[in-house]
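First the structure, in the form of structure tokens, and then the observations on it.
The values are calculated or read from the model by the stated rules, or taken from the named source; none is laboratory data. Here the structure is a predicted model, which is why all the values come from computation and not from measurement. Because the Cβ atoms are built from the backbone with ideal geometry, glycine has one as well, and the counts that use them run over all protein chains shown. With ligands, DNA and RNA removed, areas are computed over all heavy atoms of the protein, side chains included. Shrake-Rupley method; radii C 1.70, N 1.55, O 1.52, S 1.80 Å.
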Amino acid sequence: FRVIGGIGFYEEDEIQAVLNVLFFLWNRDDKLSLAAALRSALFGMTNQEILGLMLDNRDMLEGLKEHRPDAWLLIQGWERNAGLAPLSVLMHRIIADTGAYVRFGRRNAQAIFNLDKLLDTARDFDRRGYTTLQDFVEWIRNIREAEQREATADMNLPGFKGAVSIMTVHKAKGLEFPIVFMAGV
């Protein structure tokens, strides 16, 4: 099956993971976002591993440097570019450095299209002149507070021909399908 224009784009795992990295890069005191990013498929750490980073009252990043230097180096590199590079460049680097397309796309092909849509959003954001990470983080937080719903990216993949398409009545308006089920009516 495939979901066409499903709502909940900003709640998808792959989007949350990248956003959590961005939230931490903007505010280094946001340890919850760092922990969520480390727990996501971007880094694949377990709760126990994350807890181990903070043993003996040490800073989570210090623990990361000691136990997962590869992850620490990535975050340090992104931090250096967070205030200098355009948002889309920073976001592309995060996605490329972590192998997000493979990590999330392996489980769900929709994730690849969602990551592309997030990158397109960042490019549009850059084009409109909002070039700071702070602007983007505040924009995302406003979307969440207003509980705005964004559709997931549309996808057309080989092999999805003949798959069941799940969509709203509004999305299906004007399309012709040989069989239609209207759930919950």
| said: Among the listed residues Leu73, Leu115, Leu64, Leu133, identify the single one that is surrounded by 13 or more Cβ atoms within 10 Å (Cβ to Cβ), over 13 Å from the mean Cα position of the chain (by Cα) and touching a residue at least 60 places away in the same chain (Cβ under 8 Å). | reply: Leu133
| Within the stretch 6-17, restricting attention to residues that are outside any helix (DSSP H, G or I) and surrounded by 16 or more Cβ atoms within 10 Å (Cβ to Cβ), which residue is modelled with the lowest pLDDT? | Gly6
| The one condition in (1) at pLDDT 90 or above; (2) of a type outside the set (Asp, Glu); (3) surrounded by 15 or more Cβ atoms within 10 Å (Cβ to Cβ) that Ile140 fails to fulfil | (1)
| remark: Residue pairs within 8 Å by beta carbon, gap of at least six or interchain, first lying in the stretch 22-36 and open to solvent by 10 Å² or more (accessible area, probe 1.4 Å), second part of a helix (DSSP H, G or I) and small (Gly, Ala, Ser), listed first then second, are Leu25/Ala82; Trp26/Ala82; Asn27/Ser33; Ala36/Ala17
